[in-house]
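Below is one structure. I have some questions about it.
The values are calculated or read from the model by the stated rules, or taken from the named source; none is laboratory data. If you're wondering where the values come from, they're calculated on a predicted model, not measured in any experiment. Cβ atoms come from the backbone with ideal geometry, glycine included; neighbour counts cover every protein chain shown. All accessible areas refer to the heavy atoms of the entire protein, side chains included, with ligands and DNA or RNA removed. Shrake-Rupley method; radii C 1.70, N 1.55, O 1.52, S 1.80 Å.
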Amino acid sequence: MPMDATNLRDFYRSPLGRLARRQLSLVIRKRWKNLDGLSVAGAGFASPFLGAFRTEAARLACLMPERQGALVWPHSGQCHSVLVSEAQWPLPDNSIDRLLAIHCLEQAERSGPLLREMWRVLKPSGSMLIVVPNRRGLWSRIDATPFGYGLPFSRGQLETQLTDALFAPDRWGEALYFPPLSNRLMLRMAPTLERMGSSMSVGVAGVIIVEAHKEVMAPISGSVKAIPAQPVLKPVNTTRPAGVRRH
């Protein structure tokens, strides 16, 4: 059962959630430094991370799956959130430049159709950033956090699913190396632990982060002429040999 939107909102308002949001936002912004004039969408519960792009993106959509429920976002101005079916988004083909999926893939009822829908809406030149709980990390083992719900991934499992859905991974990363504990001492130590963990690449981070692009079959160039197929069988000679009579 997925964590609903209200629980996710409350988590990101807690001290531990604010810290997790800050660390993940740093990684996302490092990947996507400039989104001026682009179409940006978030899938799952991405609203805590989309606010930084409101003044840059030409179009912004927050796609909240019906299994989690939807909240109005942002609180003021034009609403950018919409309740969507898991595998049927109200977006045209090839319409999104940047797609952020967080609290999404691991909580999906069926990940295959969801990934195909992501492939459909992403532009051929676009980029998708997926954040999923790491099966080897501590966060996936504690139900009190959003990354403890759903199906955690190993890097190999995630790579296989992306490849099957015709996505090509470009860059891998991890985040949330500090344990998901809310005591004051651990919260103060978290930034130091995050820096140490990312420098050592120990593989036990709370989440796996991968940036990928869609693979598209190249069209045949107009300068290439089709060559008609040659017949494999030779035509049968229907003439009768000399001296042969019909009976």
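Just to be sure I understand, how many residues within the stretch 28-57 are among the hydrophobic types (A, V, I, L, M, F, W, C) and within 15 Å of the chain's Cα centre (by Cα)?
The first filter runs over the stretch 28-57 and keeps only residues among the hydrophobic types (A, V, I, L, M, F, W, C), leaving 28, 32, 35, 38, 40-41, 43, 45-46, 49-50, 52-53, 57.
Keeping just the survivors that are within 15 Å of the chain's Cα centre (by Cα) gives 28, 32, 40-41, 43, 45-46, 49-50.
The number of residues fulfilling the criteria is 9.
Of the conditions (1) modelled with pLDDT of 95 or more; (2) open to solvent by 10 Å² or more (accessible area, probe 1.4 Å); (3) under 15 Å from G44 (Cβ atoms), T163 fails just one. Which one is it?
With respect to (1) modelled with pLDDT of 95 or more; (2) open to solvent by 10 Å² or more (accessible area, probe 1.4 Å); (3) under 15 Å from G44 (Cβ atoms), T163 is out only on (3).
Name the one entry in L71, L38, L50 that is more than 26 Å from G173 (Cα to Cα) and surrounded by 14 or more Cβ atoms within 10 Å (Cβ to Cβ).
Details: L38 fails: more than 26 Å from G173 (Cα to Cα); L50 fails: more than 26 Å from G173 (Cα to Cα).
Testing whether each residue is more than 26 Å from G173 (Cα to Cα) and surrounded by 14 or more Cβ atoms within 10 Å (Cβ to Cβ) leaves just L71.
Which condition does I28 not pass, out of (1) within 24 Å of E215 (Cβ to Cβ); (2) in a strand (DSSP E or B); (3) open to solvent by less than 60 Å² (accessible area, probe 1.4 Å), if it passes all the others?
For I28, the failing item is (2).
I'm checking my understanding of the structure. Among residues of the stretch 85-102 that are in contact with a helix residue (DSSP H, G or I) (Cβ under 6 Å, 6 or more places away or on another chain) and not in a strand (DSSP E or B), which one is nearest to L129 (Cα to Cα)?
The residue in question is S95.
Given the options E117, E109, name the one that is of a type in the set (D, E), open to solvent by less than 30 Å² (accessible area, probe 1.4 Å) and either part of a loop (DSSP other than H, G, I, E, B) or touching a residue at least 12 places away in the same chain (Cβ under 8 Å) (or both).
Working: E109 fails: open to solvent by less than 30 Å² (accessible area, probe 1.4 Å).
Checking each option against the conditions leaves just E117.
Here's a follow-up. Just checking, how many residues over the stretch 28-50 are over 18 Å from C104 (Cα atoms) and either among the polar types (S, T, N, Q) or out of contact with any helix residue (DSSP H, G or I) (no Cβ under 6 Å at 6 or more places or on another chain) (or both)?
Going through the stretch 28-50, the residues over 18 Å from C104 (Cα atoms) turn out to be 29-39.
Those still in the list that are either among the polar types (S, T, N, Q) or out of contact with any helix residue (DSSP H, G or I) (no Cβ under 6 Å at 6 or more places or on another chain) (or both) too: 29-34, 36-39.
Qualifying residue count, the stretch 28-50: 10.
Let me ask something else. Tell me, please, whether a residue that is hydroxyl-bearing (S, T, Y), part of a loop (DSSP other than H, G, I, E, B) and surrounded by 14 or more Cβ atoms within 10 Å (Cβ to Cβ) can be found in the stretch 131-140.
no
If you don't mind, another one. Only residues in the stretch 167-185 that are over 10 Å from V204 (Cα atoms) and without any contact (Cβ under 8 Å) to a residue 40 or more places away in the chain count as the first member; pair them with residues that are open to solvent by less than 20 Å² (accessible area, probe 1.4 Å) and not aromatic (F, W, Y), Cβ under 6 angstrom, at least 6 apart or cross-chain, and list the lot.
W172/V210
Being out of contact with any strand residue (DSSP E or B) (no Cβ under 6 Å at 6 or more places or on another chain) and either in contact (Cβ under 8 Å) with a residue 12 or more places away in the chain or of a type in the set (D, E) (or both) is the filter here, so list the residues in the stretch 192-205 that pass it. Steps first, answer last, please.
Let us first name the residues in the stretch 192-205 that are out of contact with any strand residue (DSSP E or B) (no Cβ under 6 Å at 6 or more places or on another chain), namely 192-204.
Across the stretch 192-205, the qualifying residues are L193, E194, M196, G197, S198, S201, V202, G203, V204.
Would you pick out the residues in the stretch 185-240 that are at pLDDT 90 or above, assigned to a loop (DSSP other than H, G, I, E, B) and open to solvent by 100 Å² or more (accessible area, probe 1.4 Å)?
Those that are at pLDDT 90 or above, assigned to a loop (DSSP other than H, G, I, E, B) and open to solvent by 100 Å² or more (accessible area, probe 1.4 Å): none in the stretch 185-240.
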